[in-house]
Amino acid sequence: MSSLLDPTILCFVVGLVAGLVRSDLKLPNSSYEFVSLYLLLSIGLKGGVQLSKTTFAEFLPALVGTLAIGILVPVIAYIYLRISKKFDRANAGAIAAHYGSVSAVTFATAIAYLESLNESYESFAVTLMVVLEIPALCVGIFLAKGGFKKVKSKSQLLRDIFFGKSIFLLGGGLLIGYVAGPEKMKALDPLFVDLFKGFLALFLLEMGVKTSRHMAALKSTGLFLVVFALTMPLICGGVGLLIGSIIGMSTGGIYLLAILSASSSYIAAPSAMRIAVPEANPTLYLTASLALTFPFNIIIGIPMFYSLAQYL
């Protein structure tokens, strides 16, 4: 209950209600874009500073485990969807790519939740988010197209995966934080540390509004997609909990790996799918990811997976 009363979560709920009652509440597009870029860069910078304190030997088991998750999750999602016989190869693969990929905002909210509890976590956790994006998108596209030969614009796809704003800003922030180190980065703490939760609250307010708009599409997507979008976080979060426990991560680290596994993308993956799998229906993957899985993780998944991680 205390997690539901967190100001950032309450901002999401206010935005969700505002959208459902058709209020004209919304962030200006330029402000929404700015806050999005701020969060991505801030996460990257903090991760880079922490990564500078880590040896490769400490990082290697988590790297291998994360790569395994990046392959397993989209395969699980694809099989789940295809067994239903309600989705063709293209749509099943495109949706699977979204679930293998990561929601940076869900991850940021989970970090803020850990910090509010004074729970420590592995310094390389943000790096794992960057690592997870690439294999997940590639596997999803492979499944959707039956190989990469059928992808028309390979150069554009590679550019979008590796140099899209999510990966580029997270990776750039990691590099800056890593090279600069803790001492030099202290000067930026007032902006990128002290104000982080405030900007996150603003972003979640807008995400609540956006989520409510996609909920209107539920009438046309069918009950199975609703069941899929609400059970996939449980299945894949369980995979993250198991792998995190096997490789010996801390409670905070296991929790974050579970959140990474359970979340679904609505920024990087839609952009990649529009290029690689244009025949897939965006309504299906955006409704599942943004209207269902995102609010489930923000309101229920974040406290639930922390409770489960404490038992491992």
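We did not get these values from a lab; they are worked out from the coordinates using the rules stated. For clarity, every value in this text was computed on a predicted model and none was experimentally measured. Cβ coordinates were reconstructed from backbone atoms using ideal geometry, including for glycine residues, and neighbour counts include every protein chain displayed.
Evaluate Rg over Rh across the chain, taking Cα atoms for both radii and Kirkwood's formula for Rh.
Using only Cα positions, Rg/Rh for the chain is 0.95.
Per residue of the chain, what 222 nm ellipticity follows from adding -39500 (n - 2.57) for every DSSP H run with n ≥ 4, rounded to the nearest 500?
Helix contribution divided over all residues of the chain: -23500 deg cm²/dmol.
Give the aspartates and glutamates reachable from Lys197 as a straight Cα distance under 17 Å; neighbours fewer than 8 places away on the same chain don't count.
Asp6, Glu33, Glu115, Glu119, Asp189, Glu206
If you average 1/r over all unlike Cα pairs in the range 47-141 and invert the result, what Kirkwood radius do you get in angstrom?
Value: 14.5 Å, from the Cα pair sum.
Mean separation of Cα pairs under 8 Å and 6+ residues apart, divided by the residue count of the chain: what relative contact order is that in percent?
33 percent
State log₁₀ I(q)/I(0) for the range 137-288 at q = 0.18, 0.21 Å⁻¹ as given by the Debye formula over alpha-carbon point scatterers of equal weight, solvent excluded.
-1.40, -1.40
With r as the distance between the Cβ atoms of Val64 and Lys219 and R0 = 51 Å, compute the FRET efficiency 1/(1 + (r/R0)^6) and round to 0.05.
0.75
So if a site counts as exposed when it's one of the trypsin sites (Lys or Arg not before Pro), its DSSP state isn't H, G, I, E or B, and it has at most 16 other Cβ atoms within 10 Å, what's the longest stretch of the chain without one?
153-312
Say R0 is 30 Å: what FRET efficiency, to the nearest 0.05, do Glu115 and Asp24 get from their beta-carbon distance?
0.35
In debye to the nearest 20, how big a dipole does the chain give about its Cα centre with +1 on each Lys and Arg Cβ and -1 on each Asp and Glu Cβ?
Here the size comes out at about 1220 debye.
What are the ³J(HN,Hα) couplings of the range 6-23, residue after residue, when phi is run through the Karplus curve with 6.51, -1.76, 1.60 and θ = phi - 60°? Round to Hz, x for glycine and proline.
4, x, 5, 5, 5, 4, 4, 5, 4, x, 4, 5, 4, x, 5, 8, 6, 5
If you build the convex hull over the alpha carbons only and average its shadow over all orientations, what do you get for the range 1-65? Give it in nm² to one decimal.
7.5 nm²
Per 0.36 nm of contour for each residue apart, how much would the distance between Lys152 and Phe34 grow if the chain were fully extended, relative to their Cα-Cα spacing?
Result: 39.3 nm gained on full extension.
Estimate the FRET efficiency between Phe56 and Arg159 by the formula 1/(1 + (r/R0)^6), using the beta-carbon distance for r and 25 Å for R0, to the nearest 0.05.
Once the sixth-power term is evaluated, E becomes 0.30.
Simple spin-label model, 7 Å along Cα-to-Cβ: Val17 to Ile299 in nm?
Spacing of the two 7 Å Cα→Cβ label points: 1.2 nm.
Give me the aspartates and glutamates in straight-line cross-link reach of Lys219: C-alpha distance below 16 Å, same-chain residues under 8 apart excluded.
Excluding near neighbours in sequence, the set is empty.
Here are some pairs, Lys46/Lys152; Lys46/Lys145; Lys85/Lys154; Lys53/Lys165; Lys26/Lys149; which of them have Cα atoms lying more than 32 Å apart in this structure?
Violating the 32 Å limit, Cα to Cα: Lys46/Lys152; Lys46/Lys145; Lys26/Lys149.
Quick check of the Kirkwood formula: for the range 219-308, what is the inverse mean of 1/r over all pairs of different Cα atoms, in Å?
One over the average 1/r among Cα pairs gives 13.8 Å for the range 219-308.
How large is ³J(HN,Hα), in whole Hz, for each residue of the range 304-312 in order, when computed from phi with the Karplus curve 6.51 cos²θ - 1.76 cosθ + 1.60 and θ = phi - 60°, using x for Gly and Pro?
5, 5, 5, 4, 5, 5, 5, 8, 9
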